[in-house]
Amino acid sequence: MTVPKYWREIPQRYRLEAGKCKKCGYIAFPPRQICPECKSQEFETIRLSDKGKIISYTIIRVPPKNFSFQAPYPVAIIELDGGGRITAQIADASPEEVEIGSRVRIVLRKIQEEGKDGIICYGYKAVLEK
Amino acid sequence: MREVAIIGAGITKFGEHWRKSLRDIFVESALMAIKDAGVDHIDSMYVGCMSGGLFVAQEHLGAFFADYLGQSSIPAVRVESACASGGSALRMGFIEVASGLSDIVLVGGVEKMTDAEDVTFALATAAEQEYEVFHGITFPGLYALIANAYMKKYGLTREQLAMVAVKNHKHGSLNPYAQFQSEITIETVLNSTLVADPLRLMDCSPVTDGSACVILCPLELAKKYTDTPVKIIGSGMATDTIALHSRKDITSLRAVSLSAERAYKMAGIKPEDVDLAEVHDCFTIAEIIITEELGFVEKGKGGILVEKGETSLGGRIPVNTSGGLKAKGHPVGATGVAQAVEIFYQLQGRADKRQVKNARIGLTQNMGGSGASSVVHIMEVA
Amino acid sequence: MIGICGYGSYLPRFRIKVDTIAKQWGMDPESIKKGLLLYEKTVPNLDEDTITIAVESAKNALKRAGINPAEIGSVYVGSESHPYVVKPTGTVVAEALGITPDVHIADFEFACKAGTEAMFVAYSQVKAGVCKYALAIGADTSQGAPGDPLEYSASAGGSAFIFGSEKIVAEVIETYSFTTDTPDFWRREHEFYPKHGGRFTGEQAYFRHIISAGKEIMKRAGLTAKDIDYAVFHMPNGKFPQQAAKALGFDLKQIEPGWIVPWMGNTYSGSSPTGLSATLDIAKPGQKIMLVSFGSGAGSDAFIFRVTERIEEVRDLAPKVRDMLDGKKIYVDYGTYAKLRGKIIV
């Protein structure tokens with residue numbers, strides 16, 4: 001995760017900033033230039049809701065190298081209220097607690113670090129609403 | 001457009017080849033294909049390889065492979081569509097011969113994975129880096145997300161999923177080129193280590209070194225080289241969103257059905273006309289969904305199809321007689337071409353212990369990432 | 001009138017019991033619990049740090065303030081566990097909340113009182129008319145060396161306060177700081193764990209500064225402990241704030257709502273601020289709250305607040321401290337705790 005790339009993505013990672021197609025309402029996260037539905041190139045900037053529900057999930061038991069300490073951890077596809085879908089970890093939850101359909105709330109957490117001397121990358125995760 | 005035929009094929013044994021380098025493995029299957037076809041020259045070359053760069057720090061693979069094949073002046077390009085690189089290379093070769101631009105085209109697929117330090121990282125480049133991989137998802141994880149949603153929607157059982165691996169290992173045990181030639185049981189699958197719930201180690205295709213090549217030429221020239229040429233009668237490709245979460249329905253693989261539709265249309269055939277198929281079982285759940293998208297069974301019934309034995313050797317529509325990616329192995333870029341080699345051998349009647357009787361029309365389906373690319377080719381005895 | 005218009009806290013969900021730590025080191029849990037009046041403490045998850053805690057506290061404060069974050073003109077975060085030694089915590093907080101770029105940001109450091117320092121400066125900015133609203137946060141993920149007494153109390157958590165001149169829920173009546181150079185507790189650069197002066201940290205450090213600050217602020221405000229409804233003191237353990245209360249003339253009932261250390265542990269820069277937050281969760285309009293923090297090195301920041309009517313309207317808009325303390329908790333064993341706190345050398 002190079003510095004310029006991470007910095008460029010801060011509005012998405014910290015604030016869930018997305019693009020909404022002015023013509024057909026398609027929600028693009030991350031924002032993009034061309035609407036895949038109606039091909040329009042006019043978008044307005046919106047922020048996705050910080051609440052949603054789990055569409056599907058899995059428990060990662062064999063993690064990528066820089067996530068090794070965290071395994072096992074749940075990762076889910078979450079549909080946010082009002083539109084927009086993201087892939088994110090479910091934080092503070094044990095594998096048994098996660099279900100398809102569970103309601104979640106988005107929080108800011110550390111996603112990964114570049115070793116002991118690189119930058120710390122923050123971003124969105126989800127916690128289960130009771 | 002001219003009609004195109006496959007006139008020769010070559011394939012290395014798939015497995016962990018510590019003593020062979022990327023160039024060694026490619027040359028081995030290329031020489032085998034050239035000998036099989038009996039051609040004395042090659043006009044052009046396409047090689048499918050997902051990432052020489054990330055695995056062994058080697059790019060510029062077109063020139064690289066042409067050089068080591070002793071053909072260092074011919075046009076040569078490396079084609080990449082993640083795990084669909086091989087199938088995409090075949091499509092490029094097909095187009096070059098069909099267009100009339102070249103006569104003898106070598107299409108190869110190769111991957112050298114065991115030299116890499118971080119295979120998981122390299123494979124993850126097929127997914128959405130910033131918004132999937134960044135968050136800690138892996139490839140088994142992406143397919144596990146598909147599996148969980150599919151199982152909830154259609155009631156697919158864990159046992160039915162395991163049956164795909166059991167069937168493919170049974171087939172693989174009959175294939176001398178397969179990485180794994182041992183049969184397994186449903187218990188083997190269900191007792192293997194959990195990788196990403198619900199997928200276990202035995203639901204996942206392995207890390208493999210290997211290569212496969214075919215030689216293409218216009219049908220009108222084919223009889224010069226072989227008595228049993230195989231026509232490529234259909235080629236279809238489609239793409240879908242790179243991120244799984246962007247798909248409208250994560251229990252479908254739309255790129256597969258679209259690419260198949262396009263190939264069936266070009267070939268002028270229907271799914272019922274297909275005698276056997278080599279499909280992209282990177283994970284067991286993939287084969288279940290692919291059989292539906294190819295039109296072999298209706299949506300949601302892929303588990304019942306494998307359970308009833310309809311996709312086993314001797315069944316209505318044998319799938320992955322080679323052992324599939326699971327048992328044959330999955331050297332990423334080689335897979336798409338290896339599928340074509342299997343169908344070629346089958347349609348020529350050279351498939352030995354795993355021969356499908358009266359095989360006339362075969363289909364290959366090669367897929368990239370979590371379904372963002374799919375390439376389908378249909379072959380027929382000429 | 002200048003005061004707090006929004007307040008909020010965040011505590012991680014993981015907990016470890018004093019029993020678990022004591023058993024690990026072969027100590028008697030009952031004597032530790034009786035001696036320090038500590039029962040369990042919060043533990044941050046692997047993906048939490050001072051920045052994530054500060055952001056969640058501030059989000060809760062914004063919910064209660066009901067203001068547009070872009071109107072916040074200053075963001076100050078006090079901590080002794082800023083994730084970077086060089087690169088501010090405040091900038092990530094401000095980006096995450098949509099406050100940038102028209103904002104002044106600074107990180108504060110003064111052992112456990114960095115949070116109240118941030119509050120003091122935020123309040124002063126609004127009072128001076130420099131900005132309409134100013135955000136102050138005290139948050140920490142403090143460390144205690146394995147086997148050291150600090151291990152029973154060093155915990156994680158934080159609270160945020162938005163100061164302004166409108167929508168006030170707690171007016172600032174008086175402020176005062178008492179500060180000296182007293183080396184009672186320190187950590188050198190490149191050292192992972194802090195060191196302290198043992199019993200010296202009691203009388204000459206904690207008690208001298210808290211009592212001096214408490215006495216002087218009450219004198220300046222013309223109030224006694226009888227005129228003030230609640231007091232919140234820095235809480236390194238359960239006993240010290242009780243002794244401080246007694247020395248300043250407060251009875252134990254007056255410190256009770258803010259006396260959360262037995263279940264939270266010492267969240268360092270988040271300690272007295274979270275005690276204040278817990279007190280604001282139950283205080284009635286018109287009641288007065290005295291807050292006296294303590295930071296080793298050493299100093300105490302003191303505030304006296306008067307709660308307004310508006311607090312009843314906004315109190316329920318964000319989670320309360322008591323709910324966080326009593327809500328869903330995940331207890332860990334010592335091995336998990338050591339892994340989460342990075343005490344295992346890899």
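Every number here is computed from the coordinates shown, using simple stated rules; none is lab data. Since this is a predicted model, take the numbers as computed values, not measurements. With ideal geometry, Cβ positions are generated from the backbone for all residues, glycine too; neighbour counts draw on all protein chains shown.
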Once both label points are put 7 Å beyond Cα along the C-beta direction, the C:Glu313-A:Asp81 separation in nm becomes 2.3 nm
In Å, the Kirkwood hydrodynamic radius from C-alpha pairs for the protein assembly as shown sits at 30.0 Å
A student applying the Cα gyration tensor rule (rounded when a/c is under 1.5; otherwise prolate if a/b is larger than b/c, oblate if not) would label region C:42-99 oblate
Rounded to two decimals, the Debye log10 I(q)/I(0) of region C:170-309 (Cα scatterers, no solvent) at q = 0.11, 0.17, 0.19, 0.22 Å⁻¹ is -0.37, -0.86, -1.06, -1.39
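Fewest to most neighbouring Cβ within 10 Å: what's the order for B:Ser99, C:Ser212, C:Ser165?
Values: B:Ser99 11, C:Ser212 18, C:Ser165 14.
Result, fewest neighbours first: B:Ser99, C:Ser165, C:Ser212.
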Summed over the other residues with a beta carbon less than 11 angstrom from that of B:Arg200, with K and R at +1 and D and E at -1, the charge totals 0
Rounded to the nearest 10, the angle in degrees between the Cα long axis of helix B:284-293 and the longest principal axis of the Cα atoms of chain B comes to 70 degrees
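Using the reciprocal of the averaged 1/r over all distinct C-alpha pairs, how large is the Kirkwood radius of region C:292-345 in Å? Let's see the in-between values first.
Values: mean 1/r = 0.0631 Å⁻¹.
Here the Kirkwood hydrodynamic radius works out to 15.8 Å.
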Note, region B:175-186: 3J(HN,Hα) by Karplus (6.51, -1.76, 1.60, θ = phi - 60°), whole Hz, Gly/Pro = x, goes 10, x, 8, 6, 5, 10, 10, 10, 7, 10, 10, 4
Here the equivalent ellipsoid of chain C, derived from its Cα gyration tensor, has semi-axes (largest first, whole Å) of 29, 23, 19
Note: C:Lys219 to C:Tyr334 extended length (0.36 nm per residue) minus current alpha-carbon separation gives 36.7 nm
Fewest-first ordering of B:Val356, B:Val376 by Cβ atoms within 10 Å yields B:Val356, B:Val376
Of all GluC sites (Glu not before Pro) in region B:107-216, the ones in DSSP coil with at most 10 other Cβ atoms within 10 Å are B:Glu117
About its Cα centre, region C:170-309 carries a charge dipole, from +1 on Lys and Arg Cβ atoms and -1 on Asp and Glu Cβ atoms, whose size in debye to the nearest 20 is 340 debye
Simple SL model, points at 7 angstrom along Cα→Cβ for A:Glu37 and B:Asp352; separation in nm is 5.4 nm
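What does the convex hull of the Cα atoms of region B:289-348 come to per residue, in Å³, rounded to a whole number? Could you put the intermediate results ahead of the total?
Working: hull volume 5.6 nm³, N = 60.
Taking the convex hull of the Cα positions in region B:289-348, it is 93 Å³ per residue.
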Other residues with Cβ under 11 Å from the Cβ of C:Lys320 give, with Lys and Arg +1 and Asp and Glu -1, a net charge of -1
Quick note on B:Ser322, C:Ser79, ordering by fewest other C-beta atoms within 10 Å, gives B:Ser322, C:Ser79
If R0 = 41 Å, then B:Val119 and B:Lys35, at their Cβ-Cβ distance, give a FRET efficiency to the nearest 0.05 of 0.80
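How well do other chains shield peptide A:50-60, expressed as the mean number of their Cβ atoms within 10 Å of each residue Cβ?
Numbers: counts 1, 0, 0, 0, 1, 6, 14, 6, 17, 8, 10.
Taking all residues of A:50-60 together, the mean is 6.
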Stokes-Einstein D for chain B (37 °C, 0.692 mPa s, Kirkwood Rh from Cα pairs), in µm²/s, comes to 164 µm²/s
If one builds a Gaussian network model of chain B from Cα atoms under 10 Å apart, the most fluctuating residue listed among B:Gly324, B:Gly136, B:Gly371 is B:Gly136
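How fast does region A:72-118 diffuse by Stokes-Einstein, in µm²/s, taking the Kirkwood radius from C-alpha pairs at 37 °C and 0.692 mPa s?
Working: Rh = 12.5 Å.
Result for D is 263 µm²/s.
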Measuring from the longest principal axis of the C-alpha atoms of chain B, the long axis of helix B:139-154 (C-alpha) lies at a number of degrees, nearest 10, equal to 60 degrees
Two pseudo-spin positions, 7 Å from Cα along C-beta at B:Asp273 and at B:Ser21, lie apart in nanometres by 4.7 nm
Highest GNM mean-square fluctuation among C:Pro12, C:Pro241, C:Pro149, for chain C with Cα springs under 10 Å, belongs to C:Pro149
Taking only the alpha-carbon positions of region B:49-128 as identical scatterers, the Debye log10 I(q)/I(0) at q = 0.17, 0.19 Å⁻¹ comes out as -0.71, -0.85
Rg/Rh of chain A (Cα atoms, Kirkwood Rh), to two decimals, equals 1.00
Dividing the alpha-carbon radius of gyration of region B:159-270 by 2.2 N^0.38 Å, where N counts its residues, gives 1.45
Measuring from the longest principal axis of the C-alpha atoms of chain B, the long axis of helix B:158-172 (C-alpha) lies at a number of degrees, nearest 10, equal to 30 degrees
Taking GluC sites (Glu not before Pro) as exposed when in a DSSP loop with at most 15 other Cβ atoms inside 10 Å, chain A has its longest clean stretch at A:43-98
Quick shape check on region C:92-240: root eigenvalues a ≥ b ≥ c of the Cα gyration tensor, a/c under 1.5 is rounded, otherwise prolate if a/b tops b/c, else oblate, and it reads oblate
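Suppose we flag GluC sites (Glu not before Pro) only when DSSP calls them loop and at most 10 other Cβ atoms lie within 10 Å. Which is the longest uninterrupted stretch of chain C?
C:1-188
Place a +1 charge on the Cβ of each Lys and Arg in region A:3-128 and a -1 charge on the Cβ of each Asp and Glu, then give the dipole magnitude about the Cα centre in debye, rounded to the nearest 20. Let's see the in-between values first.
On the way: 21 positive and 15 negative charges, 63 e Å.
Roughly 300 debye, rounded to the nearest 20.
I need the calculated FRET efficiency for the pair B:Glu3 and A:Asp117, taking r as the beta carbon distance and R₀ as 56 Å, to the nearest 0.05. Each step should come with its number before you reach the end.
Numbers: r = 61 Å, r/R0 = 1.08.
The computed FRET efficiency comes out at 0.40.
What number comes out for the charge environment of B:Thr335, summing +1 per Lys or Arg and -1 per Asp or Glu over other residues with Cβ under 11 Å away? Mind dumping the intermediate values first?
Working: positive: B:Lys328; negative: B:Glu111, B:Glu278, B:Asp281, B:Glu342.
Computed value for this residue: -3.
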Comparing B:His17, B:His41, B:His280 in a Gaussian network model of chain B (Cα, 10 Å), the one with the largest mean-square fluctuation is B:His41
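Return the FRET efficiency for the residue pair C:Arg188, C:Lys246: r is the Cβ-Cβ distance, R0 is 51 Å, and the value is rounded to the nearest 0.05.
Details: r = 35 Å, r/R0 = 0.69.
Efficiency at R0 = 51 Å is approximately 0.90.
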Projected onto the charge dipole of the protein assembly as shown (unit charges on the beta-carbon of Lys, Arg, Asp and Glu, signs +1, +1, -1, -1), the Cα from B:Phe65, A:Pro72, B:Tyr46 with the largest positive-side position is that of A:Pro72
Longest chain B segment clear of trypsin sites (Lys or Arg not before Pro) sitting in DSSP loops (not H, G, I, E or B) with at most 12 other Cβ atoms within 10 Å runs B:20-223
